[in-house]
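Read through the structure below, which is laid out as structure tokens, and then see the notes.
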Amino acid sequence: MSREYAIAVIDSGVGGLTVAKEVMRQLPEERILYVGDNARCPYGSKSPEEIRAFSFQMIDFVRQTPLKALVIACNTATAVVLDEAMAYLPLPVIGVIEPGARAAVQATKSGRIGVIGTETTIRTKAYERALLRAQPDLFVSGLACPDFVPLVENHLASSDKAREVVKETLAPLIREELDTLILGCTHYPLLAPIIQEVMGDRVRLINSAEETARELSSQIIAEAKSRNSVSIQPEHLFITSGDRDRFRSIAEEWLDCHVEVQHHSLEKSVEA
Ligand code: DGL
């Protein structure tokens with residue numbers, strides 16, 4: 001692996017590409033090391049112990065390369081391991097929940113905010129806590145959408161099946177008269193056009209990917225830039241524990257560029 005400093009972006013699968021895309025857009029000179037644990041996706045229905053173990057396997061793998069920062073581009077992993085990862089690594093480590101919550105508080109006018117995410121993210125109430133810390137009088141309605149991630153991982157995000165599943169799943173939220181809906185899973189921006197269609201134009205969708213990249217760019221990179229000179233054309237590296245071809249085809253469609261993908265079995269990388 002290159003010795004050039006990178007920004008590591010980790011996720012349970014392809015969802016973190018939504019964050020990687022934003023990091024590439026906002027910080028075009030930075031090199032990205034992306035790791036997606038597609039072989040064990042979804043994390044959202046797994047126990048906190050498993051999510052913790054898998055997340056630290058990714059962290060131990062990426063820290064073998066010199067890093068400027070680590071982005072935990074998975075809401076589920078952020079909800080479970082962010083504090084521990086921050087204490088573990090001598091680097092800026094950022095998750096996706098606080099930035100998304102902050103953006104939602106800024107966006108809402110009625111104070112009625114919905115949060116959709118995996119079962120674990122919703123069960124931990126991590127978004128609710130972050131939102132109410134920022135503004136205690138908000139109405140917050142959380143909904144787990146366990147069927148969304150498989151649609152994205154199976155490259156079905158634009159299919160009729162996706163439209164059907166999204167419509168049925170989000171039905172309870174339509175009645176809540178929300179004006180803001182947090183896409184509290186990094187896979188969901190890939191379903192955003194359908195989610196917007198189902199929720200209607202009056203509901204503003206918050207993509208935590210954008211907000212996370214903004215936080216990385218505004219708060220962390222200024223400090224981390226001093227670690228090395230920037231590349232003009234960084235060579236990003238994408239690693240999946242799952243099927244390389246499927247990962248490449250989703251990544252190339254979403255990032256709109258050629259993507260080099262390597263396979264790595266994460267279980268075997270644990271040595272720390
Ligand atoms: N992308 C992950 C998240 O943001 C969820 C996918 C999964 O369940 O693994 O929560």
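The values are calculated or read from the model by the stated rules, or taken from the named source; none is laboratory data. Owing to the predicted nature of the structure, the values given are computational and were not obtained by experimental measurement. Every residue, glycine as well, gets a Cβ built from its backbone with ideal geometry; the counts of neighbours run over all protein chains shown. Ligands, DNA and RNA are stripped out before the accessible areas are found, and what is left, the full protein with its side chains, is counted by its heavy atoms. Shrake-Rupley method; radii C 1.70, N 1.55, O 1.52, S 1.80 Å.
Taking θ = phi - 60°, what integer Hz values does the Karplus form 6.51 cos²θ - 1.76 cosθ + 1.60 yield along the range 248-265, in sequence order, with x for Gly and Pro?
Here the 3J(HN,Hα) series is 4, 5, 5, 5, 5, 5, 6, 8, 6, 7, 6, 10, 8, 10, 10, 9, 8, 8 Hz.
Compute the Kirkwood hydrodynamic radius of the chain, taking the inverse of the mean of 1/r over all pairs of distinct Cα atoms, and give it in Å to one decimal. Walk me through the intermediate numbers first.
Values: mean 1/r = 0.0540 Å⁻¹.
Here the Kirkwood hydrodynamic radius works out to 18.5 Å.
Note down the magnitude of the dipole of the range 2-72 about its Cα centre, charges +1 on Lys and Arg C-beta and -1 on Asp and Glu C-beta and zero elsewhere, to the nearest 20 debye.
The dipole of the range 2-72 has a size of about 60 debye.
Taking the Cα centre as origin and putting +1 on Lys and Arg beta-carbons and -1 on Asp and Glu beta-carbons, what dipole magnitude results for the chain, to the nearest 20 debye? Don't jump to the answer; show the numbers that get you there.
Working: 29 positive and 38 negative charges, 86 e Å.
Charge dipole of the chain: 420 debye, to the nearest 20.
Provide the packing ranking of 22-33, 179-190, i.e. peptides ordered by the mean count of other C-beta atoms within 10 Å per residue, highest first.
179-190, 22-33
What residue among Ala87, Ser249, Tyr43 has its Cα farthest toward the positive end of the dipole of the chain, where the charges are +1 on Lys, Arg and -1 on Asp, Glu, each on the Cβ?
The Cα lying farthest towards the positive end belongs to Ala87.
Mind putting together the pair-distance distribution for the range 94-143? All Cα pairs, 10 Å bins, whole percent per bin, short to long.
Per 10 Å bin, starting at 0, the Cα pair percentages come out as 28, 61, 11.
On each of the three principal axes of the Cα atoms of the range 130-180, give max minus min coordinate, whole Å, ordered largest first.
If we take the Cα atoms of the range 130-180, the spans are 38, 22, 15 Å.
With θ set to phi - 60°, apply the Karplus curve 6.51 cos²θ - 1.76 cosθ + 1.60 along the range 151-159 and write out the HN-Hα couplings as whole Hz, x wherever there is a Gly or Pro.
Running phi through 6.51 cos²θ - 1.76 cosθ + 1.60 with θ = phi - 60° gives 4, 6, 4, 8, 6, 10, 4, 10, 7 Hz.
Which one of Ile97, Val261, Gly184 has its Cα pushed farthest toward the positive end of the charge dipole of the chain, where Lys and Arg give +1 and Asp and Glu give -1 at the Cβ?
Ile97
Kindly sort His258, His263 by accessible area of their heavy atoms, largest first, with the probe set to 1.4 Å.
Correct descending sequence by accessible area is His258, His263.
Under the rule of at least 5 residues apart or a separate chain, name every residue whose amide H is placed under 5 Å from the amide H of Cys74.
It is Val96, by chain and number.
Hey, what's the Cα Rg ratio for the range 113-254 versus the globular rule of thumb, 2.2 N^0.38 Å?
1.21
Keeping all protein chains in place and using 1.4 angstrom, which order do Tyr127, Tyr88 fall into by accessible surface area, from largest down?
Most to least solvent-accessible, the answer reads Tyr88, Tyr127.
Give the peptides 129-135, 203-209 in descending order of average Cβ contacts within 10 Å, highest first. Walk me through the numbers on the way to the answer.
Working: 129-135: 16.6, 203-209: 23.1.
Sorting 129-135, 203-209 by mean packing, highest first, produces 203-209, 129-135.
Under a 5 Å amide H to amide H cut-off, with H placed in plane at 1.01 Å, what residues pair with Leu205 once short-range neighbours are removed?
Amide H neighbours of Leu205, under 5 Å, 5+ apart: Leu181.
Got a number for the accessible area of Ser218? Probe 1.4 Å, square angstrom, nearest 10.
Around 80 Å² of this residue is reachable by solvent.
Considering amide H positions built from the backbone, and no H for Pro or chain starts, which residues 5 or more places from Gln135, or on another chain, come under 5 Å of its amide H?
none
Beyond 17 Å, what share of the Cα-Cα pairs of the range 153-199 is found? Please give it as a whole percent. Let's see the in-between values first.
On the way: 310 of 1081 pairs.
Percent of Cα pairs beyond 17 Å in the range 153-199: 29.
Can you tell which of Thr240, Thr212, Thr65 shows the greatest fluctuation in a Gaussian network model of the chain with Cα springs below 10 Å?
Thr65
How big is the C-alpha Rg of the range 57-172 next to the rule-of-thumb value 2.2 N^0.38 Å, as a ratio? Please report the intermediate quantities before stating the final value.
On the way: Rg = 16.4 Å, N = 116, 2.2 N^0.38 = 13.4 Å.
Taking the Cα Rg and dividing by 2.2 N^0.38 Å, one obtains 1.22.
Which of Leu132, Met58, Ala213 sits closest to the plus end of the dipole of the chain, meaning its Cα is farthest towards the positive end, when Lys and Arg get +1 and Asp and Glu get -1 on the C-beta?
Looking along the dipole axis, the top candidate is Leu132.
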